[in-house]
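**Student:** Following this message is one structure expressed as structure tokens.
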Amino acid sequence: MSARLFAALELPADVRTGLAGFGREAAENDRALRPSRADALHLTLAFLGHRALDEVDPACAVVRGMAGSPAPTLTLAGALWLAPRRPHVLTVGLEDAAGVLGSLQAAIVARLADALPWQPEARPFRAHVTVARVRRDWRPRVDQLPDAPRATFTAGAVMLLRSHLGGGGPSRYEALERAELAH
């Protein structure tokens, strides 16, 4: 048995609502897109993949240990297709002028790598929230997007999430641990 895990930054409800609305509007204009639900929106800090069940408690302890870390103030930075040449997801980028998000992400990755038999991704961290996924074998109309929402907000918590993959439907996320950040 295993659990598909990742550490994520919780977004405020009003920000999730605005992002979900953008994803829905983009999908209404382009059938190649499947929008994400508001309750599924988050900022992934570290994707752990399928982990043995005995690794869940140490991962929860790492997230608990992040409590009281400085909370980043983030700004939505517009639509961003990933991967740019052959897009698989429509995202909204995030900017952090103070650099707090980068420090938070690096700290949780380092702590998870110390606590688990896990290798972090080699590619650089790119802050984004996935608002829609491209249907398999479809090509989205990348130049015909509605205006992306704008907002500046302070993140509230780091979470350890378990992803339950939907058999053809959307994934469901279960919060296993949540640690409040210092504002």
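The values are calculated or read from the model by the stated rules, or taken from the named source; none is laboratory data. Predicted model only: the values in this text are computed from it and were never measured. Heads up, the Cβs are rebuilt from the backbone with ideal geometry, glycines too, and the neighbour counts pull from every protein chain shown. What goes into the accessible areas is simple: the full protein's heavy atoms, side chains included, and nothing from ligands, DNA or RNA. Shrake-Rupley method; radii C 1.70, N 1.55, O 1.52, S 1.80 Å.
**Student:** Would you be able to say whether some residue in the stretch 153-161 is in a loop (DSSP other than H, G, I, E, B), surrounded by fewer than 20 Cβ atoms within 10 Å (Cβ to Cβ), out of contact with any Asp or Glu (no Cβ under 6 Å at 6 or more places or on another chain) and in contact (Cβ under 8 Å) with a residue 40 or more places away in the chain?
**Tutor:** Checked against the condition, which is being in a loop (DSSP other than H, G, I, E, B), surrounded by fewer than 20 Cβ atoms within 10 Å (Cβ to Cβ), out of contact with any Asp or Glu (no Cβ under 6 Å at 6 or more places or on another chain) and in contact (Cβ under 8 Å) with a residue 40 or more places away in the chain, the stretch 153-161 yields no hits at all.
**Student:** Looking at (1) closer than 21 Å to PRO170 by Cβ; (2) in contact with a Pro (Cβ under 9 Å, 6 or more places away or on another chain), which is the one condition that is false for GLY99?
**Tutor:** For GLY99, the exception is condition (1).
**Student:** While we're looking at this one, here's another question. In the stretch 56-92, which residues are among the aliphatic types (A, V, I, L, M), farther than 18 Å from ARG178 by Cα and in contact (Cβ under 8 Å) with a residue 24 or more places away in the chain?
**Tutor:** Answer for the stretch 56-92, where residues must be among the aliphatic types (A, V, I, L, M), farther than 18 Å from ARG178 by Cα and in contact (Cβ under 8 Å) with a residue 24 or more places away in the chain: LEU74, LEU76, ALA79, LEU80, LEU82, VAL89, LEU90, VAL92.
**Student:** Here is a follow-up. Looking at (1) open to solvent by 80 Å² or more (accessible area, probe 1.4 Å); (2) without any contact (Cβ under 8 Å) to a residue 60 or more places away in the chain; (3) closer than 24 Å to SER36 by Cβ, can you tell me which one ALA122 breaks?
**Tutor:** Only one criterion is unmet by ALA122, namely (3).
**Student:** Only one of (1) over 16 Å from the mean Cα position of the chain (by Cα); (2) closer than 29 Å to VAL63 by Cα fails for LEU165. Which number is that?
**Tutor:** Every condition holds for LEU165 apart from (1).
**Student:** What is the number of the single condition among (1) open to solvent by 70 Å² or more (accessible area, probe 1.4 Å); (2) more than 27 Å from PRO58 (Cα to Cα) that PRO146 does not meet?
**Tutor:** PRO146 satisfies all of (1) open to solvent by 70 Å² or more (accessible area, probe 1.4 Å); (2) more than 27 Å from PRO58 (Cα to Cα) except (1).
**Student:** Tally up the residues in the stretch 1-51 that are touching a helix residue (DSSP H, G or I) at 6+ places or on another chain (Cβ under 6 Å) and not hydrophobic (A, V, I, L, M, F, W, C), please.
**Tutor:** Total satisfying the criteria: 4.
**Student:** Considering only the stretch 44-65, state which residues are under 25 Å from ALA151 (Cα atoms) and of a type outside the set (Val, Ile, Thr).
**Tutor:** The answer is LEU45, ALA46.
**Student:** If you check every pair at least six apart or on different chains, which have Cβ atoms under 6 Å apart with a residue in the stretch 35-54 that is farther than 14 Å from VAL89 by Cα first and a residue that is assigned to a helix (DSSP H, G or I) and of a type outside the set (Val, Ile, Thr) second?
**Tutor:** Sorted first by the residue in the stretch 35-54, then by its partner, the pairs are ALA38/ARG16; ALA38/ALA20; LEU45/GLN105; ALA46/LEU112.
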